[in-house]
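Engineer: Structure below; questions to follow.
Computed from the coordinates by the stated procedures, all read-outs in this text should not be read as laboratory data. Just so we're clear, the structure is a prediction, and the values are computed from it rather than from any experiment. Don't worry about glycine lacking a Cβ; one is built from the backbone with ideal geometry, like all the others, and counts go over all protein chains shown.
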Amino acid sequence: MGFFDKLKSGLSKTKESFDSKINNVFSNFRKVDEDFLEELEEVLIMSDMGMDTSVKIVDSLRKRIKRENIKDEEEVKQALREEIQAIFDNVDNSLKLETKPSIILVVGVNGVGKTTSIGKIANRLTKEGKKVVIAAADTFRAAAVEQLEIWANRSGSEIVKRAEGADPASVVYDAIRITKETESDVLIVDTAGRLHNKKYLMDELHKIKKVITKEMGDLSQEVLLVIDSTTGQNAINQVKAFKQETDVTGLVLTKLDGTSKGGVVVGIVEENKIPVKFIGVGEQIDDMEIFNSEDFAKAII
């Protein structure tokens, strides 16, 4: 399957949920009037897009329907797709890896698919001809390091690890040194994700960031937050928590195929102005793609 087919398949539950609600709106109204738009706004809110984002989309749609004299169901759907796409296109989703080396710091709570995402991103980069080093800085979970090592081997990346319980910042320090010595292109850093002990987690994150700033200086840096799409509105809280503590530059969406709540990402991007940079569309190592706003909008409507 090509990316769009994978995306369409992965978003099938979201699409079914969205389409059934939106089709009800069309079947209940014979014309595109204010009552129709209010009902549509409610559908967007019910689809996890959030109140403010839903109101904004419908306001834009209202002006457009009036301006372009839209009356046809298909035209309304296409305009809605374009309004959703515009939200994603308002933020730059290109990966900023302009320097050699560059660094990608990967954050997110446990269980969101962080380790898998790192492996898949590393695989994409090595396929592009880049030399990749992975730092296993989630030293509190032995399983995380073992999993990461498997993904590193599969993607042809070098892994830097230490014993369980080692200081995460020291692992990052070692990894930066090895990245420079081997003249690698990209260093990807895994981090611990235990929000239940938020202060300790964030303190570790600050220490890691301090080491990166000191040792890497002005080199290109991405901070990618991995979000589990199945968590719906809870994902919004995760974005807020990490955004307070670190400069998140992009989102990685996982587990879209297991949820009907894929619409939540529209609200997250609109409210936080953080772009989606990668989207996971399956279990295989090649199933991590650069986010495409037009394809996403088509896949959910």
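Engineer: If we scan the range 170-188, do we find a residue that is closer than 24 Å to Thr231 by Cβ and in contact (Cβ under 8 Å) with a residue 40 or more places away in the chain?
Structural biologist: Among the residues of the range 170-188, at least one is closer than 24 Å to Thr231 by Cβ and in contact (Cβ under 8 Å) with a residue 40 or more places away in the chain, which makes the answer yes.
Engineer: Here is a further query. Can you name the residue in the range 17-57 that is of a type in the set (Phe, Trp, Tyr) and not in a loop (DSSP other than H, G, I, E, B) and, of all such residues, is nearest to Glu73 (Cα to Cα)?
Structural biologist: Phe26
Engineer: Give the number of residues within the range 94-105 that are surrounded by fewer than 19 Cβ atoms within 10 Å (Cβ to Cβ), of a type outside the set (Gly, Ala, Ser) and within 16 Å of the chain's Cα centre (by Cα).
Structural biologist: 1
Engineer: If the Cβ limit is 7 Å and pairs must be 6+ apart or interchain, which residue in the range 71-100 that is without any contact (Cβ under 8 Å) to a residue 24 or more places away in the chain pairs with which residue that is of a type in the set (Phe, Trp, Tyr) and not in a helix (DSSP H, G or I)?
Structural biologist: Note: no pairs meet the criteria.
Engineer: Test of understanding: among Arg81, Arg67, Arg62, which residue is farther than 25 Å from Phe291 by Cβ, surrounded by 15 or more Cβ atoms within 10 Å (Cβ to Cβ) and among the charged types (D, E, K, R)?
Structural biologist: Arg62
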